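Report on the structure given below.
The values are calculated or read from the model by the stated rules, or taken from the named source; none is laboratory data. Being a predicted model, the structure only gives us computed values, none of them experimental. All Cβ positions, even for glycine, are placed from backbone atoms using ideal geometry, and neighbour counts span all protein chains on display.
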Number of protein chains: 2
Amino acid sequence: MAKTPMYQQIAEDLRAQIETGKIARGSQLPTELELGARYNASRNTIRDAIKRLTGLQLVETRPGQGTFVTINIDPFVTDLTADPKTGFGGGEGATYLSQVSAKHRRPETTSPRVELQIPPTAIGRRLRLAAGVQVVLRHQQRFIDGIPWSLQTSYYPMDFIHRGATRLLTAEDIKEGAVRYLAETISLTQTGYRDWVTARPADDNEQKFFGIGHDAVVFEIFRTAFDQHGNPMRLTVTVFPTDRNQFIVNVGDNLPDPRYEEGPDEST
Amino acid sequence: MAKTPMYQQIAEDLRAQIETGKIARGSQLPTELELGARYNASRNTIRDAIKRLTGLQLVETRPGQGTFVTINIDPFVTDLTADPKTGFGGGEGATYLSQVSAKHRRPETTSPRVELQIPPTAIGRRLRLAAGVQVVLRHQQRFIDGIPWSLQTSYYPMDFIHRGATRLLTAEDIKEGAVRYLAETISLTQTGYRDWVTARPADDNEQKFFGIGHDAVVFEIFRTAFDQHGNPMRLTVTVFPTDRNQFIVNVGDNLPDPRYEEGPDEST
DNA sequence: TAATATTTGTACGTATGTATT
DNA sequence: AAATACATACGTACAAATATT
């Protein structure tokens, strides 16, 4: 009845050894040839087994070096339900920084790359723009403790520029926050936002930037901010690798503090 | 300079043909041997290329039949920020049903499987239980239009049983909702909840139940409900496949209706 | 029902390329 | 420069799943 393929049996055996701690986190596995000798299997079969483990993000292979058990990064937790009228003004950048600081980590953000673009239909639709209308796009890479953490792109209607919010075109951070800047210059107040949380396979750029495997998955969160008239005033699309990011959503009053120790640990 | 491996070039070529519509959604790809002849590559190389495409969820292979371009399921969107004091009482089951009905889909839920258990540390910690304390566990499978949609497990402190909420032990749906039942029997009112959103590779059970590949990823959402004293009264863990589920989070008042057409389409 | 053809899955072997030490 | 270890690519053979005859 042992009809499970050999490579799966080998993968299962290695997985058990890793999860029970027999093979330590961060340590190096035997080489493919050694494993082949141990399990009496060909190197290709061993490679199939290891491929399963990489898919489970249990190990990672490094050409020229070997195969190593992955160490789980302490996940960064982002609160999606920060009050839009308090604190940092609900700017997504500000929320990000405050959350990071709360965990005593060192955040960095690259200067925005600014582009003018006719957006894809999915973007234009969320901003309720007619087809072919340009947008201002501000793209940033974000790191925590030097680790690539997220890729973020914010889209604003071109109209905002004509109405005076010209600093959206400068490739510099808007220190007081884009939301406050827009309130001061063109009297647009953010009264709320909606996040749309999805997950999808990472594309090549994301794989390279985050240093994740070619079968890795990322969160893609679309945050549409609405002004006092109920119209969308900004769309922010942020991509987070799932191996180092989690999110919390608070509903109701008087919730106890979300101690981050409460997070699910991986050793289920 | 063409240092990109052959199998990646082939995968890229096929991907482009699929995304431009040259190969229709749902249609069958040529067999591995035919592709090998077309690209002048060995069957194993073709298989490596196809493995990349399955990782991107662009194609799926069926033994004995062939390889087919995947048809994307119309994603189901769940609102994580339903008001806990209105409507269906904030029961997670109720939220699920109302959301599904809003899309004119047919939901089904299996009768709960009830267990008594000493929970894993991650569960006990979230319910603030001492180590070794038992919980009541209610597990359900959920479908929409016959498609497996989510796996849900709710955990309640055993204490609730002793205080009179004995219907938690019956393997039947609590029609009025567990939240209302607890309010009526042991005077516990849910005043809010916190969702903790994570993503991880699917385990074997989940792969089998959802019919997803062995490198598929699932959302795992931990919902901790709090009572009027600020204590956790229930933990609900729900697993959703990422290929057919999305979530929205509303913050602020007067948000426009989330027309589901606004969802991101896959043809980016 | 049974046999057969087709197609993907598993397993092996070999050779060479590329990255790292 | 040399050794080591994973990555790519080819070949072969048989098993298992599916559809057809």
(message) Give me the residue from region A:26-36 that is hydrophobic (A, V, I, L, M, F, W, C) and either surrounded by 13 or more Cβ atoms within 10 Å (Cβ to Cβ) or not assigned by TED's automatic domain parsing to the domain that holds A:Leu58 (or both) and, out of that set, nearest to DNA strand D (Cβ to nearest atom).
(response) A:Leu29
(request) Can you give me the number of residues within region A:52-76 that are near DNA strand D (Cβ under 10 Å from one of its atoms), over 14 Å from A:Gly213 (Cβ atoms) and not in a strand (DSSP E or B)? (result) 2
(request) Give the number of residues within region A:207-223 that are more than 8 Å from chain B (Cβ to nearest Cβ) and buried (at least 20 other Cβ atoms within 10 Å of the Cβ). (result) 6
(message) Test of understanding: among B:Ala49, B:Ala41, which residue is outside any helix (DSSP H, G or I), aliphatic (A, V, I, L, M) and within 13 Å of DNA strand D (Cβ to nearest atom)?
(response) B:Ala41
(request) Six or more apart or on different chains, Cβ under 9 Å: which pairs go from a residue in region B:1-23 that's of a type in the set (Gly, Ala, Ser) to one that's within 13 Å of DNA strand C (Cβ to nearest atom) and part of a helix (DSSP H, G or I)? Could you list them? (result) B:Ala11/B:Asp48; B:Ala11/B:Ala49; B:Ala11/B:Ile50; B:Ala11/B:Lys51; B:Ala11/B:Arg52; B:Ala11/B:Leu53
(request) Run A:Pro63 past the list (1) modelled with pLDDT of 95 or more; (2) within 11 Å of DNA strand C (Cβ to nearest atom) and report the number of the one that doesn't hold. (result) (1)
(request) Report the residue count in region B:5-42 for those that are near DNA strand C (Cβ under 10 Å from one of its atoms) and within 14 Å of chain A (Cβ to nearest Cβ). (result) 2
(request) Kindly indicate which of B:Asp203, B:Asp159, B:Asp173 is more than 14 Å from chain A (Cβ to nearest Cβ) and free of Cβ contacts under 8 Å to residues at least 12 places away in the same chain. (result) B:Asp159
(message) Which of the helices (runs of 4 or more DSSP H) found entirely inside region B:118-192 contain at least 1 residues meeting this: over 24 Å from A:Asn250 (Cα atoms)?
(response) B:159-162, B:178-186
(message) Need the failing condition index for B:Ala178 against (1) more than 13 Å from chain A (Cβ to nearest Cβ); (2) crowded, with 18+ Cβ neighbours inside 10 Å; (3) over 19 Å from B:Val136 (Cα atoms), just the number.
(response) (3)
(message) If I filter region B:220-242 for residues that are among the polar types (S, T, N, Q) and in a helix (DSSP H, G or I), do I get at least one hit?
(response) no
(message) If I ask for residues that are part of a loop (DSSP other than H, G, I, E, B) and away from DNA strand D (no atom under 15 Å from the Cβ), which ones from region A:1-25 would you list?
(response) A:Thr20, A:Gly21, A:Lys22, A:Ala24, A:Arg25
